[in-house]
Each structure stands twice: as structure tokens, then as C-alpha cells.
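Heads up, the thing below is written out as C-alpha cells.
The values are calculated or read from the model by the stated rules, or taken from the named source; none is laboratory data. Source: prediction; values computed, not measured. Counting neighbours? That spans all protein chains shown, and the Cβs are built from the backbone with ideal geometry, glycine included. Note: accessible area is taken over every heavy atom of the protein model, side chains too, but ligands, DNA and RNA are not part of it. Shrake-Rupley method; radii C 1.70, N 1.55, O 1.52, S 1.80 Å.
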Amino acid sequence: MKREEVSDYGYEMEKFNMENGYRKFGLRDKIGYLFGDFGNDFTFILSSSFLLKFYTDVMGVSAAVVGFVMMFARFVDAFTDIAMGRICDQSRGTAAGKFKPWILRMCVPVVVSSFLIYQSGLRDAPMWLKIAYLFVTYILWGSVFYTSINIPYGSMASAISQEPSDRQSLSTFRSIGGALAGVIIGAGIPILAYDNVNGNTVLNGGRFTLIAGALSLLALGCYLLCYFLVTERVRPGEDTEARKENSILKMFRNAIRNRALISIIAASVMMLLAQLTMQSMANYVYPNFYQNTAAQSASMVVMLIGMFAAAAVAKPLATRFGKAEISVVANLLACAINVLLFFWRPENVWIYVLIQAVSWFGLGIFSMVNWALITDVIDYSEIKNGIREDGSVYALYSFARKVGQAASAGLSGALLSMIGYTQDTAFDTKVVNGIYDISLLLPAIGFLLLGLILWFWYPLHRKEVEKNVEILRNKREETNRKE
């Protein structure tokens with residue numbers, strides 16, 4: 001079969017794949033996929049961790065207003081995420097694949113729009129203009145350009161390999177990529193972007209803008225490495241007519257009836273509520289409560305150590321006990337650590353850092369298997385609905401993650417306003433104690449609910465996953481024999 005004769009993204013492509021052969025799945029794919037989330041999180045973690053801090057402390061915008069803008073953007077995502085998922089599912093594959101070309105198309109818009117958000121030169125502009133500028137640039141970055149690259153990137157995991165062990169490796173490497181970006185941002189920015197003014201630690205707006213530009217350039221390089229290193233080799237071929245008949249309404253009806261998808265969406269909201277609250281509130285706990293940004297930088301290095309420890313044990317534990325099962329234990333551990341710190345309130349910041357590292361280890365276990373869980377859900381959906389919708393399922397999942405991001409930002413912003421946090425009260429005793437409470441109670445609640453959801457609601461525990469993989473393997477083999 002000649003390449004130019006391959007016109008439909010169906011079993012013709014599967015046959016072409018078998019006859020001509022793609023490079024075998026290996027370390028190159030894992031490294032390439034790592035760089036994809038490395039690039040994603042240079043802008044995503046910058047936003048989730050520092051957007052609230054930048055606009056409250058540099059631009060002088062109320063925390064409640066910033067939180068509202070971030071929450072409103074999630075309503076926009078309800079349309080853009082689903083639309084991008086449908087575009088991916090309905091499109092035909094190219095020689096590079098179905099999902100990978102979007103990374104090349106959208107990498108420049110996403111990094112430019114991220115940089116535009118953090119323009120400290122507008123700090124003296126009228127308040128209405130600063131809020132409008134935040135609204136427009138944040139929507140463009142998160143709801144339009146980031147969506148158009150993140151949905152294809154996440155969906156691509158199931159097209160790189162159909163083997164569960166390979167997908168678990170991709171999930172682990174993706175999580176490591178995100179963790180590396182988190183450490184660079186979380187450890188580097190406190191060292192480079194803060195000044196000591198009258199004995200207080202404050203964010204330098206001009207320097208932060210330059211840092212945002214540098215992170216955008218790093219993200220661009222990571223996206224290009226992902227594109228050139230990864231190979232899409234799994235080309236499932238559902239009936240094209242079935243795809244056309246599968247309307248958005250039908251997709252939502254299938255989703256509502258899909259227990260695995262709805263429960264993993266709920267779990268993801270809780271995970272992001274916990275994780276992003278920890279990340280964003282660290283920008284207040286260390287500079288304001290402990291007044292020690294060096295400890296904040298060190299905490300990110302300790303977090304990376306915890307994440308690598310989690311990466312080392314996640315795959316063997318998941319193979320033996322199941323991905324969902326080990327995630328339950330890990331999140332209950334993280335919950336317990338946050339509750340302990342809330343009541344203990346150690347005066348020594350380094351004790352706080354070391355104990356918090358255990359919480360990051362618990363979160364790390366779930367992070368390492370998180371993306372493999374969603375590929376299990378995609379398989380489950382194919383068996384349940386008779387059609388494979390990698391893009392649509394991942395889009396719904398991505399939207400849920402953004403809801404979690406918004407919930408974290410919205411609640412954190414609202415609670416900061418409730419305790420009276422402003423530029424003028426940032427170091428008052430009552431305010432800094434309130435900061436400490438928020439930074440631990442919200443994550444503890446999120447971790448607890450996440451563990452309960454995965455144990456009592458999420459249906460794809462180890463035996464069910466193994467059964468589904470075998471069903472789909474037999475389905476593919478039967479179709480290949482017919483071809």
C-alpha cells in the first residue's frame with residue numbers, strides 16, 4: 001500500500017502501520033512525551049501558582065476579582081475544550097498522526113499569549129483596564145490556545161501505544177515533566193523575583209515579566225522536542241459514518257452514563273483543588289507567614305525528590321495492587337499530613353518543609369498513575385459505547401481539571417479577601433495566620449474526597465482494567481484478520 005493511497009483514518013491506516021512498520025515504542029517516546037508536559041507546565045504552573053500573587057501584589061487587583069476571572073474562564077472552557085476534542089476525533093490523520101500536528105501548529109500562540117498576561121508595565125493603568133487586560137489575555141491563553149495544544153497532547157497517549165505498561169510509563173514520564181517545570185518555577189522564581197523592602201519580602205513586577213518571557217521560550221523548545229521525538233503508531237479505525245452520527249448531544253448522554261468518566265472527573269477536580277492550593281498558597285505562606293523565600297525554593301527541590309521517589313515505586317505498586325488502589329492510600333496519607341501541620345503549626349520553617357514533603361510524595365503517587373487512569377477510561381468508553389473518542393473523553397477530563405484549577409483559585413482568592421488580605425495588610429498577624437489555615441485545610445479536604453471517590457465510586461480497579469485490555473486486544477486482532 002502506498003502512502004498516498006491512505007485517505008481515511010481507519011483500518012487502512014492500521015494495515016499501513018502493520019505492513020510498513022513504525023519505530024518500536026521506547027525511551028524516545030517517553031522522553032518526547034515528558035517534554036510535552038514540561039512545555040505545558042511552564043505556562044500552566046506559572047498561571048496556577050503565581051497569577052494570583054502577581055495581580056494582587058504587583059497590579060493591585062483584588063484577590064476576589066482575580067479568582068472570579070479565573071473561574072469565569074472555566075465556563076468558556078466548557079465550550080472550547082469540548083470543541084477541540086470533537087475536532088480531534090472528527091479529523092483525519094496525517095503522516096505524522098492525528099494529534100501530533102496540533103502541537104506544531106499551536107506552540108507559538110500559546111507561549112506568546114502566556115507572556116502577555118504578565119505585563120507589569122500596566123501596573124499604573126486604570127483599574128478597569130488592568131482587569132479587562134487580565135480577562136482578555138487569560139481567556140486567550142487558557143481557553144483558546146492552551147486548550148488547542150493540551151487536548152491533542154493528552155489524547156495522543158493512547159495513540160502512542162496500546163499496551164498498559166507503556167501507557168503507565170508515559171503517565172510517569174509526563175508527571176516527571178510537569179514536576180520538573182514545577183521545580184524550576186517554584187524554586188527559581190522565589191530566588192529571582194523577590195526583593196526585601198523595609199524588612200518585608202515583596203514581588204518585583206518588572207523582573208517577573210522577564211521571567212515569564214524566559215519561561216515562554218523554554219516552553220516553545222519543549223513543544224518542538226515533543227513533536228519530533230514522539231511517534232503515533234496506534235491507529236484505531238471506527239466507522240466514519242458512526243463518527244458523523246455521534247453528535248455532541250449523544251456524546252454528553254454517553255458521558256453522563258459513564259460511571260468511570262464521571263468519577264474520574266470528580267476525582268480530578270479534588271486533586272487540582274488540593275495540588276494547586278498548595279502551590280498557589282506557598283507564595284503567601286513562605287513570604288508572609290514564615291518570611292523565608294529561601295525555604296520556599298528549597299521546598300520545591302524537596303518536592304522534586306518526593307516526586308522522583310513516587311515515580312520509582314508507582315509502577316511496581318500499580319502493577320501489583322492497581323492504580324486506583326494505591327492512589328487511595330497515597331491521598332489519605334497526604335490528607336493526614338496536612339491535618340497534622342494544621343494543628344501542630346511548627347515555628348521552624350524547615351520542619352514544615354520536611355513534613356510537607358511527605359504530602360508531596362502522596363500526591364506524587366497519584367500524579368504518576370493519573371494519566372494512565374484516563375487511558376483506562378478511554379478504553380472503558382470504547383467498550384461501553386462502541387466508538388473510540390480519545391479527543392472527546394480527554395476534553396471532558398481536561399475541562400474537569402480546569403474546573404479544579406478554577407475552584408482552587410476562586411476559593412483561595414475569596415478566602416484571602418475574607419481574611420482581609422491586601423497589599424497593606426499582607427503581614428498583619430491575623431492575616432498571616434489565616435493564610436496558614438487556608439494553605440492546609442483546603443488541600444486536606446481535597447485529598448480526603450479524592451481518596452473516597454477513587455475507592456467507592458471509580459469502577460476501574462485492577463481486575464476490571466485487565467479484563468478491558470483483553471477485550472480490546474481481541475477486538476483489534478479480530479478486525480486485523482478480517483482485513
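Some notes on this structure:
- Any chance residue 192 is in a helix (DSSP H, G or I) and either touching a His at 6+ places or on another chain (Cβ under 7 Å) or farther than 16 Å from residue 51 by Cβ (or both): yes
- Pairs where the first residue, in the stretch 367-388, is under 11 Å from residue 460 (Cα atoms) and modelled with pLDDT under 80 and the second is open to solvent by 10 Å² or more (accessible area, probe 1.4 Å) and hydroxyl-bearing (Ser, Thr, Tyr), C-beta under 6 Å, 6+ apart: none
- Flag for residue 306 being more than 21 Å from residue 377 (Cα to Cα), surrounded by fewer than 24 Cβ atoms within 10 Å (Cβ to Cβ), of a type in the set (Gly, Ala, Ser) and modelled with pLDDT of 80 or more: yes
- Unmet requirement for residue 133, which otherwise passes all of (1) touching a residue at least 24 places away in the same chain (Cβ under 8 Å); (2) open to solvent by less than 60 Å² (accessible area, probe 1.4 Å): (1)
- The residues listed here are 448, 460; of these, the one that is more than 12 Å from residue 285 (Cβ to Cβ), within 22 Å of the chain's Cα centre (by Cα) and at pLDDT below 90 is 460.
- Candidates 407, 414 - the one that is over 18 Å from residue 286 (Cα atoms), touching a Phe, Trp or Tyr at 6+ places or on another chain (Cβ under 9 Å), in a helix (DSSP H, G or I) and of a type in the set (A, V, I, L, M): 414
- In the stretch 281-299, the residues that are surrounded by fewer than 24 Cβ atoms within 10 Å (Cβ to Cβ) and either in a loop (DSSP other than H, G, I, E, B) or out of contact with any Ser or Thr (no Cβ under 9 Å at 6 or more places or on another chain) (or both): 290, 291, 292, 294, 295, 296, 297, 298
- Boolean, residue 362 is open to solvent by 20 Å² or more (accessible area, probe 1.4 Å), farther than 21 Å from residue 30 by Cα and among the small types (Gly, Ala, Ser): no
- Note on the stretch 264-290: among residues that are of a type in the set (Ser, Thr, Tyr) and modelled with pLDDT of 85 or more, the one that is farthest from the chain's Cα centre (by Cα) is 290.
- Selection status of residue 354, open to solvent by less than 10 Å² (accessible area, probe 1.4 Å) and farther than 16 Å from residue 288 by Cβ: no
- Test set (1) in contact with a Ser or Thr (Cβ under 7 Å, 6 or more places away or on another chain); (2) modelled with pLDDT of 95 or more; (3) not basic (Lys, Arg) - residue 109 fails condition number: (1)
One line per residue, one yes/no per condition, for (1) surrounded by fewer than 22 Cβ atoms within 10 Å (Cβ to Cβ); (2) touching a Gly at 6+ places or on another chain (Cβ under 8 Å):
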site	(1), (2)
366	no, no
386	yes, no
407	no, no
413	no, yes
441	yes, no
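- Filter result (over 10 Å from residue 33 (Cα atoms) and either assigned to a helix (DSSP H, G or I) or modelled with pLDDT of 85 or more (or both)) within the stretch 150-168: 150, 151, 152, 155, 158, 159, 164, 165, 166, 167, 168
- Complete set of residues in the stretch 188-223 that are over 18 Å from residue 178 (Cβ atoms), open to solvent by 40 Å² or more (accessible area, probe 1.4 Å) and under 22 Å from the mean Cα position of the chain (by Cα): 214, 217
- Enumeration of residues in the stretch 236-263 that are in a helix (DSSP H, G or I), polar (S, T, N, Q) and modelled with pLDDT of 70 or more: 263
- For the stretch 81-104, a residue qualifies if it is open to solvent by 10 Å² or more (accessible area, probe 1.4 Å) and within 25 Å of residue 212 (Cα to Cα), and the qualifying residues are 102, 104.
- Any chance residue 139 is among the hydrophobic types (A, V, I, L, M, F, W, C) and under 26 Å from residue 73 (Cα atoms): yes
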